[in-house]
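Note sheet for the following structure.
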Amino acid sequence: MARLRQEFPSNYVSSGNINTEFENLIRYINAAELGDKTVGELFDTLFDEDGVFDGPIELRKDSSAGIQWRVGTYTDAEAGWNTLVTLAEITGAAGSVVGEIGAPIFHTRSDQTAATGGTGLSVFDYAHVSTDEILVYVNGLLKRSGGSYDYTTSTTAGSGSAGAVTFNANLTNGDKVTIFKVRTTSITGYTRTDYVTTGTQSVFAFVHDSDTALNVYKNGILQREGGSYDYTSDATSNTVTFTAGVTTGNTVTIYMVENVASQAVTGIMLESGYVDTTTGLIDFGKITVDANEITQAKVSGLSTALTSKAKLTSAGTTPTGPATGDLWLNTGTTPNKLLFYDGTQFINTSPESTLPTFATTDAGKALHINGTGTAMVFQDVDLSATIPLSQRGTASGVATLDTSTKIPEAQLPDTISQETIHHHPVGNTRVEQLILTSPAFGGTSYSSAPTISFTGGGGTGAAATCTIASNIVNLITLTSGGSGYTTPPTVAFSSGGGTTATAVATLFHDPVGLTVVKNATYEIKRIYKQKVNIDAVYITVDSGTCDLQLAINGAGTGTLYNVSAAGINVTLSSSINVDGSTIAKTVGYIITNSSNALNLSISLGTSRLS
């Protein structure tokens with residue numbers, strides 16, 4: 001059924017012939033439709049997105065029928081299959097059994113420990129038969145079999161009468177004994193030879209060939225092959241030569257561990273690396289089929305099936321003998337053109353009346369409607385007002401956004417803002433009043449008025465007198481409030497013959513007058529949810545001197561400055577970072593060695609980082 005038609009036939013005003021041309025084009029394209037599929041759908045079936053042939057051809061291995069193929073798309077997984085070759089044709093004649101393939105050379109390992117008591121230091125159970133070759137190690141050293149050497153073997157000895165290894169001399173309690181069997185059928189011509197040198201000897205005879213792998217031991221210790229190491233082997237002279245002579249009384253053991261010579265096996269190899277051992281079917285990945293090795297004619301029904309399908313020819317000349325519906329990619333034109341055979345001739349699938357003709361000079365251009373709206377033209381895309389994606393997060397580009405559509409912190413400026421933090425304490429704090437606090441309102445047993453003294457509080461100059469009545473302090477007169485107190489000073493009563501009179505002082509801050517700079521720790525500002533750098537410091541006093549150090553959370557930080565009326569104005573060589581992003585931190589300063597210093601003024605130049 002035709003799936004392409006004009007939606008508004010005859011609705012063309014520029015020429016009466018255009019409608020006829022469009023109708024002819026549509027008929028040509030409809031003629032190419034097969035099986036209710038458009039030309040595009042047919043192309044999509046035959047080619048991948050890179051234009052490489054990718055037709056629906058399938059092969060499978062059926063457990064009963066053999067290797068099968070089918071062409072086309074099916075909803076039924078079992079429909080359309082044709083047998084290419086039967087299982088009987090694949091397997092061929094039955095093969096001969098040549099023994100186990102891939103089994104381990106050393107097997108049936110037994111690890112035992114020598115122990116005192118009974119025969120535990122000499123006899124070790126190990127089931128075996130007389131044809132078994134056995135390797136015995138003690139504490140990792142290879143031992144030699146024989147009544148005159150290290151041990152003997154018996155197939156009937158041991159606690160279960162199934163076999164044992166008996167050492168000619170008792171081992172030491174705790175020695176580790178390891179015993180292996182050697183699968184000699186896996187090693188072509190397995191041989192072991194032991195030598196005991198009677199003089200210094202370098203060359204030892206051992207028959208082998210170039211496909212043979214050897215293990216060589218000296219006094220039970222495995223040696224390393226190579227001219228720079230312990231020994232070399234020569235298959236032409238059947239010798240093993242030590243790089244240094246082996247002196248008298250040493251034991252040299254040589255045995256074959258592998259022969260890599262290959263052997264042809266008739267029939268199918270039933271080894272798990274090549275076939276499914278439960279079904280006997282060959283792993284498809286183990287079958288090598290060269291490209292173009294199987295011709296279309298050798299695949300049952302394939303040639304007939306392909307003949308009924310649309311054909312695409314890519315060539316610079318007109319295809320010979322085309323059939324209706326065939327396509328031709330004309331590579332003889334630039335750019336290449338796709339044409340369709342309508343049974344008489346090849347016609348263009350993209351009429352030039354629809355799109356403007358393009359040339360190689362139009363490469364990279366876009367199709368636009370011209371300025372008057374009367375035609376389509378190829379022209380360059382104007383990107384002058386755009387920024388390429390490659391400039392995201394780069395210098396002179398634009399910032400990227402995170403998953404929350406915010407600019408990541410790493411792309412923000414190092415400094416968000418700058419601020420000057422200033423501190424200038426004004427006025428004076430002095431003692432305002434004294435309040436009696438002792439029981440009985442003033443102590444007991446005073447014969448005369450006691451003396452009042454003040455200590456601590458950071459200030460100086462506070463003074464007071466008192467009177468007594470009925471042997472107790474009944475009135476306190478503050479004669480001087482002093483100055484510079486940061487906390488209430490301690491009040492003490494002495495002399496006068498009495499006891500237990502006590503009082504507390506309260507403070508008053510007078511905002512008028514000069515401020516005496518006291519030795520103390522001062523807080524300027526608290527930083528929270530921010531990161532701040534202190535970059536510069538300005539400090540001065542009206543008179544006197546003092547030492548000042550910046551403090552973060554009350555702890556001195558950075559340079560200790562000696563402050564005088566001359567002032568200090570300095571840019572820090574290394575900024576002081578205050579990170580209050582998660583935990584609040586205070587910025588302040590510590591005054592020490594104050595000497596008549598008055599009216600301190602401090603300014604900190606800061607930059608906010610976040």
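The values are calculated or read from the model by the stated rules, or taken from the named source; none is laboratory data. For clarity, every value in this text was computed on a predicted model and none was experimentally measured. Here the Cβ is made from the backbone with ideal geometry for all residues, glycine too, and neighbour counts use every protein chain on show.
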The range 446-459, subset touching a strand residue (DSSP E or B) at 6+ places or on another chain (Cβ under 8 Å) and modelled with pLDDT under 85, residue nearest to Phe493 (Cα to Cα): Gly457
Regarding the range 529-542, can at least one residue be identified that is in the same structural domain as Asn553 (by TED's automatic domain parsing), loosely packed, with under 15 Cβ neighbours inside 10 Å and out of contact with any Gly (no Cβ under 9 Å at 6 or more places or on another chain)? yes
Filter pass, Asp50 being outside any loop (DSSP other than H, G, I, E, B), without any contact (Cβ under 8 Å) to a residue 24 or more places away in the chain and not assigned by TED's automatic domain parsing to the domain that holds Thr344: no
Say whether the condition of being outside any loop (DSSP other than H, G, I, E, B), touching a residue at least 40 places away in the same chain (Cβ under 8 Å) and within 56 Å of the chain's Cα centre (by Cα) is met by at least one residue in the range 151-160. no
Of the conditions (1) exposed (fewer than 14 other Cβ atoms within 10 Å of the Cβ); (2) among the hydrophobic types (A, V, I, L, M, F, W, C); (3) touching a strand residue (DSSP E or B) at 6+ places or on another chain (Cβ under 9 Å), Ile583 fails just one. Which one is it? (3)
The range 330-349 - residue that is buried (at least 17 other Cβ atoms within 10 Å of the Cβ) and free of Cβ contacts under 8 Å to residues at least 40 places away in the same chain and, of those, nearest to Thr86 (Cα to Cα): Tyr341
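Conditions tested, residue by residue: (1) within 16 Å of Asp194 (Cβ to Cβ); (2) surrounded by 16 or more Cβ atoms within 10 Å (Cβ to Cβ).
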position: Asp125; (1), (2): no, yes
position: Gly140; (1), (2): no, no
position: Lys143; (1), (2): yes, yes
position: Gly160; (1), (2): no, no
position: Val165; (1), (2): no, yes
position: Asn168; (1), (2): yes, no
position: Thr172; (1), (2): no, no
Of all residues in the range 115-127, which are closer than 25 Å to Asn219 by Cβ, part of a loop (DSSP other than H, G, I, E, B) and at pLDDT 90 or above? Tyr126
In the list Thr236, Thr251, Thr232, Thr243, which residue meets the criterion of being β-branched (Val, Ile, Thr), at pLDDT 90 or above and within 21 Å of Glu133 (Cβ to Cβ)? Thr251
Would you pick out the residues in the range 129-182 that are polar (S, T, N, Q) and out of contact with any Phe, Trp or Tyr (no Cβ under 9 Å at 6 or more places or on another chain)? Ser130, Thr131, Asn139, Ser148, Ser154, Thr155, Thr156, Ser159, Ser161, Asn170, Thr172, Asn173
Single condition Thr212 does not satisfy, out of (1) surrounded by fewer than 16 Cβ atoms within 10 Å (Cβ to Cβ); (2) at pLDDT below 90; (3) more than 30 Å from Ile287 (Cβ to Cβ): (1)
If you go through Val563, Val570, Val578, the only one that is modelled with pLDDT of 90 or more, of a type in the set (Val, Ile, Thr) and in contact with a Leu (Cβ under 7 Å, 6 or more places away or on another chain) is Val563
For the range 129-139, which residues satisfy the criterion of being modelled with pLDDT under 90, assigned to a loop (DSSP other than H, G, I, E, B) and not β-branched (Val, Ile, Thr)? Ser130, Asp132
Pick from Val570, Val504, Val491: which is among the hydrophobic types (A, V, I, L, M, F, W, C), surrounded by fewer than 16 Cβ atoms within 10 Å (Cβ to Cβ) and in the same structural domain as Ala463 (by TED's automatic domain parsing)? Val504
Just the residues that are among the β-branched types (Val, Ile, Thr), closer than 30 Å to Leu609 by Cα, at pLDDT 65 or above and exposed (fewer than 15 other Cβ atoms within 10 Å of the Cβ), please, taken from the range 414-441. Ile416, Thr420
Can you tell me which residue within the range 356-369, out of those that are modelled with pLDDT of 80 or more and assigned to a loop (DSSP other than H, G, I, E, B), is surrounded by the most Cβ atoms within 10 Å (Cβ to Cβ)? Lys365
Criterion violated by Gly118 - all others in (1) of a type outside the set (Phe, Trp, Tyr); (2) within 23 Å of Leu214 (Cα to Cα); (3) surrounded by fewer than 18 Cβ atoms within 10 Å (Cβ to Cβ) satisfied: (2)
For the range 451-475, give me each residue that is surrounded by fewer than 20 Cβ atoms within 10 Å (Cβ to Cβ) and either of a type outside the set (S, T, N, Q) or at positive phi (or both). Gly456, Gly458, Gly461, Ala463, Ala469, Ser470, Asn471, Ile472, Leu475
